[in-house]
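The values are calculated or read from the model by the stated rules, or taken from the named source; none is laboratory data. Since the structure is predicted, the reported quantities are computational estimates derived from the model, not experimental observations. Here the Cβ positions follow ideal geometry from the backbone for every residue, glycine too, while neighbour counts run over all protein chains shown. Ligands, DNA and RNA are stripped out before the accessible areas are found, and what is left, the full protein with its side chains, is counted by its heavy atoms. Shrake-Rupley method; radii C 1.70, N 1.55, O 1.52, S 1.80 Å.
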Amino acid sequence: MAGPGGAARTRFAVVGGGIAGVTCAEQLAVEFPSEDIFLVTASPVIKAVTNFKQVSKTLEEFDVEEQPSSLLEQRYPNIRVIQSGVKQLKSDEHKIYTEDGKEYIYEKLCLCAGAKPKLIVEGNPYVLGIRDTDSAQAFQKNLAQAERIVVVGNGGIALELVYEIQGCEVIWAIKDKAIGNTFFDAGAAEFLLPKLTAESRETPIGCKRTKYTLEGSEEKRRPTGASDKLGSALGPDWHEGLHLKGTKEFSHKVHIEILCEVKKIYLQQEFIQLQRTSLTFPKGERNLEADEVLWPVYVELTNGKIYGCNFIVSATGVVPNVEPFLDGNNMRLWTQARQMGWYAAKCMAADALGESIEMDFSFELFAHITKFFNYKVVVLGKYNAQGLGSDHELMLRCTKGHEYVKVVMQNGRMMGAVLIGETDLEETFENLILNQMDLSAYGEDLLNPDIDIEDYFD
């Protein structure tokens, strides 16, 4: 419908073609089949949820498939995809101005603008951020010619990256004492570490996702940062379909530098002029041999060590895309993005119809399922004892190379859990956290592998 001055008018508009935005638009299209839903996205492709599975009351498992926007319009004829970036938002006038010079008037708007990589250095051609399909493909091209890279960061992207890379030395710099600090404790990290030094790769857990890629993208001779790239963030198992191999013939070769950050980055000519000394790839704990190889770029860490490499991967998190919008928060996990997109649509619909809406049960308990180092990983509730104070206790069960189970207890009640491997305990523990049953009487038998706890609490 046209508004004043030829501007298109809609009752509902959504900005962002990622999981949250697409989920929101789909739900609105179902709630209001006679209304046109505008989905504004800067990317020619959108992220669609496929193979959705409700694992338990709050746990969801799904694939993320990158699709041309025309497929979304075919599935939902009342969704109109507008491929353009947003130049300006005038919320008091309910107007959106896009970069292609058009104007749209809305009644209700949902902003799902995502984020861009937080690069450790802006404008350095040897520092890459991985966020969307283009940047992942640029990384693959540069890795194919690399002998050594430095990965900076300790989040989900970094965890997946260091495990998947083959045929290339990896220096992994993290500011924490242990890997995966965002998701689990030092014990769980210790359980995962042997996978990094394994001689051969295991058969990966099956991934049903198909791929849609953009052909004909211009190749670049040197690495480029991805912070200015358009496009939705990568989904879980983003590395499936990519050939992440360097120039060498070995499998994994990862060295971890803990409790450090990047102090300075030097290009080759500057490093030569300064007459500094870099280190070879460590062969043991105290191996500090000088490196005679000339590298394109050098990284000085805050622990005093300097390593040369072909390029640097900045995996230190993301910065929300708040421009040109108001301040906002960024979704960090895919399950949260889908839930929030769905709930935002329900709230918009309820407000439009003058109805009330209750908080969805998915907000009662934090629950996330993912995969690291080819292990299934489930985190529930206050899995790292967040905000519990000092009167909590931890219970552990660990079978090397098979499973790692940690539960957080307080006053006899389960408050959170970390499950690594095929434990089949996620639904049982979810229920125990939600119903807050007093488990004091069971003591350590709660994690006794000889007791079928699933049947006991069924």
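How large are Rg and Dmax for segment 118-183 when only the alpha carbon atoms are used, in Å?
So, for segment 118-183, Rg and Dmax equal 11.9, 32 Å respectively.
Sketch the reach of a paramagnetic label on Glu190 as a point 7 Å from Cα along Cα-to-Cβ, and name the residues of segment 367-410 whose backbone nitrogen lies under 13 Å away.
Within reach of a label on Glu190, which here means backbone N under 13 Å from a point 7 Å along Cα→Cβ, segment 367-410 contributes 396-400.
Which of rounded, prolate, oblate describes segment 391-435, given a ≥ b ≥ c as roots of the alpha-carbon gyration tensor eigenvalues and a/c under 1.5 marking rounded, otherwise prolate only if a/b is larger than b/c?
Since a/c reaches 1.5 but b/c is at least a/b, the shape of segment 391-435 is classed as oblate.
Considering only protein heavy atoms and a 1.4 Å probe, what is the carbon-and-sulfur percentage of the accessible area of segment 374-457?
That fraction is 44 percent.
Write down, largest first, the equivalent ellipsoid semi-axes of segment 7-58 in whole Å, where each equals the square root of 5 times an eigenvalue of the alpha-carbon gyration tensor.
Gyration-tensor ellipsoid for segment 7-58: 23, 15, 8 Å.
Would you mind calculating the gained length between Thr399 and Asn435 on full extension (0.36 nm times residue separation, minus the Cα-Cα distance), in nm to one decimal?
Length gained, Thr399 through Asn435: 10.1 nm.
If I take every Cα pair under 8 Å that is 6 or more residues apart in segment 36-136, average their sequence separation and divide by the length, what percent do I get for the relative contact order?
On the way: 124 pairs, mean separation 20.0, N = 101.
With pairs under 8 Å counted, the relative contact order is 20 percent.
Find the accessible area per residue for segment 95-154; the probe is 1.4 Å, ligands and nucleic acids are left out, and the unit is Å².
With the other protein chains kept in place, segment 95-154 gives 38 Å² per residue.
Count charges around Ser440 for me, please; just the other residues with Cβ under 15 Å from its Cβ, Lys/Arg as +1, Asp/Glu as -1.
Neighbourhood net charge equals -4.
Leaving out ligands, DNA and RNA, what percent of the accessible area of segment 65-192 is carbon and sulfur, probe 1.4 Å?
Ligands and nucleic acids excluded, carbon and sulfur reach 42 percent.
Viscosity 1.002 mPa s, temperature 20 °C: what is the translational diffusion coefficient of segment 374-457 from Stokes-Einstein with a Kirkwood Rh over Cα pairs, rounded to a whole number of µm²/s?
In µm²/s, the coefficient rounds to 166.
Over the alpha-carbon set of segment 44-168, work out the extent along each principal axis and list the three values in angstrom, largest first.
Result, largest extent first: 53, 42, 26 Å.
Might you tell me the accessible area per residue for segment 374-457, computed with a 1.4 Å probe and given in Å²?
On the way: 4070 Å² over 84 residues.
Computed with neighbouring chains in place, this is 48 Å² per residue.
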